[in-house]
1. What order do you get for 61-68, 85-92 when each peptide is scored by the mean count of other beta carbon atoms within 10 Å, highest first?
2. By the scheme Lys and Arg +1, Asp and Glu -1, what is the net charge of all other residues having a beta-carbon under 11 Å from that of PRO219?
3. So if we plug the beta-carbon distance of HIS178 and ILE235 into 1/(1 + (r/R0)^6) with R0 = 30 Å, what FRET efficiency do we get, rounded to 0.05?
4. Using 1/(1 + (r/R0)^6) with R0 = 25 angstrom and r between the beta carbons of MET73 and ASN191, what's the FRET efficiency to the nearest 0.05?
5. According to the square roots a ≥ b ≥ c of the eigenvalues of the Cα gyration tensor, what is the shape class of segment 98-156, taking rounded for a/c under 1.5, prolate for a/b larger than b/c otherwise, and oblate for the remainder?
6. Is segment 136-209 best put as rounded, prolate or oblate by its Cα gyration tensor, with a ≥ b ≥ c the root eigenvalues, rounded for a/c under 1.5, and otherwise prolate when a/b is larger than b/c, oblate when not?
7. Would you mind ranking HIS211, HIS129 by Cβ crowding within 10 Å, fewest neighbours first?
8. In whole Å, what is the distance between the alpha-carbon centres of segment 152-226 and segment 76-139?
Amino acid sequence: MGVAKAVSIALLFPLFLHSTLTSSSSTINYNNNQDIQVSAAARQLQQYEPNHEVHCSRERSRAAWKIIEEYLMPFVEQEKYQISHKCRLHPSNDMFREQEQHKTQVDVNEWRCGFCQKMFHAENYLDTHFQNRHQNLLNDTHDRCLADLCGALHCDLVDESKQRKTKCNPAAAAKNRHLCQSLADTCFPVNEGHSTSRLHEFFLRQFCDAHSCSGRHKPFARGGRKRSSVFYLAISILTLMLLPIFYGIVYLYRREMRSGVHDLKRISQTGIGRKTKPT
Ligand SMILES: [Zn+2]
């Protein structure tokens, strides 16, 4: 019995050793694979490095676009004014515009590339895909970076990733104010008619006045598209809800009054009747 046990151990041991060795070698292989994947990714990055000369932030450009759409365009549309291509706020001067327009959010976690129909779980993956696969569509020239106008447009107010500065820097405020005023001058030249001068004035009040450390003027002082529409929607819903209640109360009140008058008439009539009977 003892001999048989010893033999079985002797036979099994190499098997055990082999299995442990193969498992460890497989982990080594796995690590190697990972290394290969990592180095492939690095190579891919290096491959895109020469193209990777875009010195314009997509996120900041998006924040600037959001501000233009919300706090400028409603007023420009109201004046039926066409912003010229010379103005840096014109859509053609945003290098990311074409890519951003080819972005579709299908569901909460589903984003589609409009160029090749590929799907992504998050917007930033699609951004990386644009950067890697469709970068040829970017016409990267210095004056087409909307993010460069962020100082004038108060992008920090809509960019959630940016922490707002609590301390005001007078030199930075003056620089932003200057940029802001030059935008007003090039986009809405004062000598080109009434609507342009009105928009020029509006632009200064809406964006430029707040570039001071006095704290007297707030950015977007004239309001925007989103806030007003939400406000009007709330007011109209409230009115629609309160109107039937108001008429209901009026109707009930009048009915009560009428029946009260009837009762009074009946009481007075019977009263008169009683009074007249004894005499
Ligand atoms: Zn694509």
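Bear in mind that the values in this text are calculations on the coordinates, not laboratory data. This one's a predicted model, so the numbers in the text were calculated from it and none came from an experiment. Heads up, the Cβs are rebuilt from the backbone with ideal geometry, glycines too, and the neighbour counts pull from every protein chain shown.
1. Details: 61-68: 22.1, 85-92: 15.8.
Going from most to least packed, we get 61-68, 85-92.
2. Values: positive: ARG205, LYS218, ARG222; negative: ASP156, ASP209.
The answer is +1.
3. Values: r = 40 Å, r/R0 = 1.32.
It comes to 0.15.
4. Numbers: r = 23 Å, r/R0 = 0.92.
It comes to 0.60.
5. Working: a/c = 2.85, a/b = 1.54, b/c = 1.85.
Since a/c reaches 1.5 but b/c is at least a/b, the shape of segment 98-156 is classed as oblate.
6. Details: a/c = 2.16, a/b = 1.20, b/c = 1.80.
Here segment 136-209 falls in the oblate category.
7. Numbers: HIS211 22, HIS129 17.
Result, fewest neighbours first: HIS129, HIS211.
8. So the separation of the two Cα centres works out to 25 Å.
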